[in-house]
Each structure stands twice: as structure tokens, then as C-alpha cells.
Amino acid sequence: MNAAEEIQESVLASCRRQLIEEGKLVLTDAGYQLTELGQKAVQKEFRRYEFRPAMLVMIETYVLNLHECPKW
């Protein structure tokens, strides 16, 4: 793991801790899951892009590429 990846992982871990403290995220046997509060926050933000399909496609592609998942 290079320095940039270590920094990114550190930031991600910090964000996860913050979201857990805020009651928006929990860690289960199946991995990280949104709580009801977290789902409401995401849905509010997601609605901003429902009528902007091009931006939604770009965000989806960005997230998948970030996690090295191919997007066809």
C-alpha cells in the first residue's frame, strides 16, 4: 500500500467512526450498514440527483471505479 492509499484508508476509517458516532452507520456481521437515520440522510442527498441522470451516472461510475469495480 502506497502513501496515498494509506491516507485514503485513514480518512475512510475516520469517516466511518464519525458516522457510527452519529448513529448513521453500524458494523454488522455482513459489513457496514446504514441505520434508518443514515438511510434518510442518503435519500435526501440522492433526491438531488434523481432529476439529473447524467450526474447520477457519473457518481455511480466514480464510486464503482474508486472500488475497482468495472462499469460497463
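The values are calculated or read from the model by the stated rules, or taken from the named source; none is laboratory data. In this text, all values refer to a predicted model and were calculated from it rather than measured experimentally. Virtual Cβ from ideal backbone geometry, glycine too; neighbours counted across all protein chains shown. Only protein heavy atoms, including side chains, enter the accessible area calculation; ligands, DNA and RNA are left aside. Shrake-Rupley method; radii C 1.70, N 1.55, O 1.52, S 1.80 Å.
Counting heavy atoms of the protein chains alone, GLU9 has an accessible area of about 90 Å² for a 1.4 Å probe.
With a simple spin-label model that places each label point 7 Å from the Cα along the Cα-to-Cβ direction, the separation between MET1 and GLN18 comes to 1.9 nm. Heavy atoms only, probe 1.4 Å: what % of the accessible area of the chain goes to carbon and sulfur, would you let me know? Answer for the chain is 59 percent, counting heavy atoms of protein chains only. Residue-wise HN-Hα couplings along segment 41-54, as the Karplus relation 6.51 cos²θ - 1.76 cosθ + 1.60 with θ = phi - 60° gives them from phi, are 5, 5, 4, 4, 5, 4, 4, 4, 9, 4, 9, 10, x, 5 Hz; Gly and Pro carry x. Applying a DSSP loop filter and a limit of 13 other Cβ atoms within 10 Å to the trypsin sites (Lys or Arg not before Pro) in the chain leaves LYS71. Using θ = phi - 60° in the Karplus curve 6.51 cos²θ - 1.76 cosθ + 1.60, the 3J(HN,Hα) couplings for segment 58-65 round to 5, 5, 4, 5, 4, 5, 5, 5 Hz; x is entered for Gly and Pro. Label-to-label distance for PHE46 and ALA30 is 1.5 nm, based on points extended 7 Å past Cα in the beta-carbon direction. Note on HIS67 and SER10: their simple-model spin labels are 2.4 nm apart, each label 7 Å out from Cα toward Cβ.
Measuring between their Cα centroids, segment 44-71 and segment 1-40 lie 19 Å from each other. Scanning residues 5 or more positions from THR35 or on other chains, those with amide H under 5 Å from its amide H are LEU25, VAL26, with H placed 1.01 Å from N in the peptide plane. Taking all protein chains as shown and a probe of 1.4 angstrom, THR61 keeps an accessible surface of around 40 Å².
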